[in-house]
Amino acid sequence: MTHSGNPFGQVLVALVTPMTADGEVDWPAVEKHIDDVITSGADGIVVTGTTGETSTLTDPEKLRLVEVGKDVAAGRAKIITGGGSNETAHAIELYRKSEKAGADGIMIVTPYYNKPTQAGILTHFRLVADSTDLPVILYDIPGRTGVPIKYETILRLAKHPNILAIKDAKGDFSEVSRVLNQTDLLYFSGDDANVLPHLAIGASGLIGVTANIAATPYRTIVDAVNRGDLATATEQHKKLEPLVRAVMTHVPGTVSAKYILHGLGRISSPRVRLPLVGPEEWEAAIIEDELALVKDVAGVDFSNFRPDRNAAAGGALPKIAGTTR
């Protein structure tokens, strides 16, 4: 199936999955958080991705997140399902079910842990893309998967009619330019600190963690770049820098984003599922020091920030374990 234009949006939030203190998905908080980020300027939501703790979600939870996202978005934003699996058959099954649940697109991560060859990566992506009519984003994040999608493999995958985009978390700007020059792929920045540089060389948008907390400045950056206003985009980029550092530098982005969202009163608990744990005392202190430097970021008022290190401590064992089948 051929898709024209950009079917994903430009300001995509890599959504955290709000949970209760005992580690169960907090469905009312999920609904509220999705509505919050859309109201703040997001036009795409990636559920069940890395930031959404896909590794410890069950398949029914992943599918319900798609359904809830579609219901809350009500046409205001695209709902993209992320995660997938490092087992090709399981990934195909998940994405087919996600399509039936109403997903607008899928994001396929490179198979992790297995460390496949480029031939294996190519086959995995092709078979998953063959199994759905939804538009596909490739997710290249070798720091987590152990293997990159090499340039030559990206060029071959770009010929697939359903593969329309790539989320780049490698930070190799020369490769980004080469792929943009030689393919029609849409590029999405997967590195919060480099959103503006990616956009400046032709990226289509971002899939960001910090956007859980502050989607509005990213909307401003993208809109400014679209109209050629680099000064406005740069101003917002500079204002976001200490917040991005607080979220992305000291602990996994999921952990820090939930810690901050809870401190702002926007989710009911900062809980993450094991093996993730909340920030230790010294990590929390550094995050809070970084936040003290955040000034004039639209949509965020840190004068009311009330972090709770005790609530964030440790991690949860959910009632039902995530499975590989």
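Brief remarks follow.
- Search result, residues across region 221-264 that are surrounded by fewer than 22 Cβ atoms within 10 Å (Cβ to Cβ) and closer than 17 Å to Ser40 by Cβ: Asp223, Ala224, Lys239, Leu261, Leu264
- Scope region 174-204; condition among the polar types (S, T, N, Q) and surrounded by fewer than 24 Cβ atoms within 10 Å (Cβ to Cβ); matching residues: Ser174, Ser177, Asn181, Gln182, Thr183, Asn194, Ser204
- Contact map, region 266-283: first residue within 12 Å of Ala21 (Cβ to Cβ), second residue of a type in the set (S, T, N, Q) and part of a loop (DSSP other than H, G, I, E, B), Cβ cut-off under 8 Å, separation 6 or more or different chains; pairs are Ser268/Thr20; Ser269/Thr20; Arg271/Thr20.
- Positions within region 94-152 being open to solvent by 80 Å² or more (accessible area, probe 1.4 Å) and within 18 Å of Arg64 (Cα to Cα), in sequence order: Arg96, Lys97, Lys100
- If you filter region 37-58 down to residues that are surrounded by 19 or more Cβ atoms within 10 Å (Cβ to Cβ) and in a helix (DSSP H, G or I), you find that the one that is nearest to the chain's Cα centre (by Cα) is Thr54.
- Single match in Ile163, Ile213, Ile207 (criterion: farther than 24 Å from Thr249 by Cβ and open to solvent by less than 10 Å² (accessible area, probe 1.4 Å)): Ile163
- Test: residue in region 118-134 that is more than 30 Å from Gly75 (Cα to Cα), out of contact with any helix residue (DSSP H, G or I) (no Cβ under 8 Å at 6 or more places or on another chain) and either charged (D, E, K, R) or not in a loop (DSSP other than H, G, I, E, B) (or both): yes
- Of all the residues in region 50-68, those that are at pLDDT below 95 and under 20 Å from Pro7 (Cα atoms) number 0.
- Test: Ala21 is part of a loop (DSSP other than H, G, I, E, B) and either in contact (Cβ under 8 Å) with a residue 40 or more places away in the chain or open to solvent by less than 40 Å² (accessible area, probe 1.4 Å) (or both): yes
- Meets criteria (closer than 24 Å to Ala129 by Cβ and not aromatic (Phe, Trp, Tyr)) for Val16: no
- Members of region 300-321 that are of a type in the set (Gly, Ala, Ser) and either surrounded by fewer than 16 Cβ atoms within 10 Å (Cβ to Cβ) or not in a loop (DSSP other than H, G, I, E, B) (or both): Ser303, Ala311, Ala312, Ala313, Gly314, Ala316, Ala321
- Within region 177-209, tally of residues that are in contact (Cβ under 8 Å) with a residue 40 or more places away in the chain, touching a strand residue (DSSP E or B) at 6+ places or on another chain (Cβ under 9 Å) and not in a loop (DSSP other than H, G, I, E, B): 9
The values are calculated or read from the model by the stated rules, or taken from the named source; none is laboratory data. Predicted model only: the values in this text are computed from it and were never measured. Quick reminder, even Gly has a Cβ in these numbers, built from the backbone with ideal geometry, and neighbours come from all protein chains shown. To get the accessible areas, we keep the full protein, side chains included, count just its heavy atoms, and leave off ligands, DNA and RNA. Shrake-Rupley method; radii C 1.70, N 1.55, O 1.52, S 1.80 Å.
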